[in-house]
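Here's the structure we're looking at; comments come further down.
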Amino acid sequence: MAKNERGFHEFMPQDVWKWKLIESKLEELMSLYDYQEIRLAILQDHKVLHDGITALMEDREALKVEEHVLSLSGPDDDISLLSLRPEGTISVLHHTARMIRQGENYRFYYHGPMFRKSQDLLPMEFYQLGVEFLGSESILSENEVICLGMKICRELGLSDVSLEINSFGCKDCQRPFAKALRDYLDSNKGELCTTCYKELYANPMADSTCQRNSCRTCMVSAPKITDYLCDKCKENFIRVKRVQANLAHQYKVNPTLVKNFSYYNETVFDFLVEHNGKPLVIGGGGRYDYLSEKITGKMIPAVGFYLNLDTIFEVMEERQVFSAVTRPFSVYICAQSSDLEIMMLQIATELHQHGITTVLNPDLGETDKDKDEALAKGCSLMIILRDNNIREGKLLLFNLVKQHPQYLPLNQLVDEILIARKALI
Ligand SMILES: [Zn+2]
Ligand SMILES: [Zn+2]
């Protein structure tokens, strides 16, 4: 686990290489799709964040989100001036609005820690990848980001990743849907709890996570946004589905797919994998064309997604994806006496020139533990330098994989190691 008991991340060496592997895969794929990395500040201006959240959400929804933002105030501040970033989209839109010109589009990604308060209002840190395609209204842009998200999951070894999609329509579709839903809520008020009624009435696109049976049963027959799509949104949704089907992406239309934030329009989607026999959402996103104008005053059509990297890491770990990764070829070097120290360092330098990792035993004086130590470090070969051997111009090379010792003249060492590397990897 990469989290300590308080839920904060602490990456120890046994996990760091796994995170680096995920990050290098992300970088490789982002570069193939021509997405540029943005490194966003972790400390954010509280007011900018507050304005962003309230601009993009209904009042009740904004209040709920704000409650989970981790803000900082100094001893003399009566208001918070800074917050720890809870997400990246608001900052990315501000940066883009400052530089975008008519007809331009930008592809950005960012990853790293985000901070919020948990359900119990305790500080929480989580790792997230965010991807945003800004400046294009085309269907290609949403199909591209969906493909990228699917590709990342598959390349990380989650080959069963599937897609759930829905359309939130445009403002023209959302208006008649909202009216139909509110009428339905009114005529079924007795079946719903007060929270469901109030939340859905205030925001018909909101997520109702209520688990009460009567609420869930009642909502099954509630109007669905997909039945209210205008001709343009309907046509766009058909095109997205057609492209995803042609790309052999496993997908299903889920007309009840909702988002934590209601600012999305048209295509919305979730990425899922099977986990403990149940579907698990590992990320998702959608189109959010109206958001930028509300926050920055500039109209920027946009589509994006997030991936929850902590969840992905845990699923990869559980599926033993990392154990299939071969560790780099490395050589362990130990010596009998301090006279041989310089030789250890010389051999190491020569091996480094061939890109070979070395592990030097700092405790001079050969011991029985050396072989165990070399194996524990994942080394394939072990060089043992002994005074009497060196006087005769030779040394001992021990192949730890084949359990085979070999005495060699000094000048043949590097060649033999290169041959052994070829045979082992
Ligand atoms: Zn529409
Ligand atoms: Zn309810």
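Excluding same-chain neighbours fewer than eight residues apart, the lysines reachable from K298 by a Cα-Cα span under 23 Å are K47, K171. Based on C-alpha pairs under 8 angstrom that are at least 6 apart in sequence, the chain has a relative contact order of 14 percent.
Straight-line cross-link reach from K151 at under 27 Å between alpha-carbon atoms covers these lysines, not counting any fewer than eight positions away in the same chain: K3, K18, K20, K25, K234, K241, K252, K259, K278. Just check segment 154-294 against the gyration tensor rule for me: Cα atoms, a ≥ b ≥ c as the square roots of the eigenvalues, rounded for a/c under 1.5, and otherwise prolate or oblate depending on whether a/b exceeds b/c. Oblate shape, in that a/c is at least 1.5 and b/c is the bigger or equal ratio. Can you tell me how segment 330-424 classifies by the Cα gyration tensor, rounded, prolate or oblate, using a/c under 1.5 as the rounded cut? Rounded shape, in that the Cα axes give a/c under 1.5. By the count of neighbouring beta-carbon atoms within 10 Å, fewest first, I225, I53 end up ordered I53, I225. Using the Cβ-Cβ distance between K252 and I419 with R0 = 45 Å, the FRET efficiency computed as 1/(1 + (r/R0)^6) comes to roughly 0.25. Candidates A324, S338, Y306 compared by Cα position along the dipole of segment 281-369: farthest toward the positive end lies Y306, with charges placed on Cβ. Rounded to the nearest 5, the antiparallel percentage of DSSP beta bridges internal to segment 311-425 is 55%.
Each of S71, P86, M150 was scored by the projection of its Cα onto the charge dipole of the chain, and the greatest displacement toward the positive side belongs to M150; charges sit on the C-beta of Lys, Arg, Asp and Glu. How big is the gap, in Å, between the Cα center of segment 254-284 and the Cα center of segment 380-403? Value for the Cα centre distance between the two parts: 58 Å.
What shape does the chain take by its C-alpha gyration tensor, where a ≥ b ≥ c are the square roots of the eigenvalues and a/c under 1.5 counts as rounded, a/b above b/c as prolate, and the rest as oblate? All intermediate terms of the calculation are to be shown ahead of the outcome.
Values: a/c = 2.62, a/b = 2.37, b/c = 1.11.
Note, shape of the chain comes out prolate.
Extension gain for the segment E293 to A55, taken as residue separation times 0.36 nm less the Cα-Cα distance, is 84.7 nm to one decimal. Distance between the C-alpha centres of segment 302-358 and segment 123-164: 29 Å, rounded to the whole angstrom. Mean residue ellipticity at 222 nm, helices only, the chain: -12500 deg cm²/dmol; runs of at least 4 DSSP H residues each add -39,500 (n - 2.57), and the sum is divided by the number of residues.
Values in this text are rule-based calculations from the coordinates and carry no lab data. What you are looking at is a predicted structure, and each value in this text was computed from that prediction instead of being measured. Every residue, glycine as well, gets a Cβ built from its backbone with ideal geometry; the counts of neighbours run over all protein chains shown.
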